[in-house]
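Taken together, the values in this text are just the output of simple stated rules run on the coordinates, not laboratory data. Owing to the predicted nature of the structure, the values given are computational and were not obtained by experimental measurement. Here the Cβ positions follow ideal geometry from the backbone for every residue, glycine too, while neighbour counts run over all protein chains shown.
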Amino acid sequence: MKTNIQLILPLLVLSFLSFSCSTENNDDLYSQESEITIDASTVTYTSLESNILDLVNAHRTSIGLNDLEILNLVSSVAEEHTMYMIENGQISHDNFDDRAQQLMSAAKAKSVAENVAFGYSTAEGVLEGWLNSDSHRAAIENSKFTHFGISTECNNNGRNYFTNIFIKK
């Protein structure tokens, strides 16, 4: 029994460390009439963020999919959510519909998906975690997506929080 708990516990922890969320453009859910301004002019990428983006594209290429184009606007929205998660001390998809609406309005996105994670220290680790989850893998391997963005921030305890957003333009 103790062996079963030792095997199951790490899987449960990994499951809760990563979540995925997505939406297709649905005119009943989203009105694109409002103007939303997002400042993407100050977006810069850390080496960890750049490595994640490169690894996601390398994975997509390895299975015959197109590379995704980095869009600073998407990364800016991802950064807002990463900071929100740090402030609340937990990973979540809180307000995902608002982020999707922002990107549908400002970036003319037709669909949006989001992967979040916590605690990984390497790009390889977070990508492996996402690829080991069906819902995260589905976002990464969605052939319809054209652009993406990333945000990785550290909390006061040195633990990384991640938001990776994918869009179809």
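Structure notes:
- Our note on the geometry: Cα centres of segment 97-118 and segment 74-91, 13 Å apart.
- Rel. contact order, % - alpha carbon contacts under 8 angstrom, at least six apart, segment 103-169: 46
- With N counted as the residues of segment 63-169, its alpha-carbon radius of gyration over 2.2 N^0.38 Å works out to 1.02.
- About its Cα centre, segment 47-168 has a charge dipole of approximately 340 debye under the convention of +1 per Lys or Arg Cβ and -1 per Asp or Glu Cβ, with nothing else charged.
- FRET efficiency, 1/(1 + (r/R0)^6) with R0 45 Å, evaluated for THR61 and GLU87 via beta carbons: 0.80
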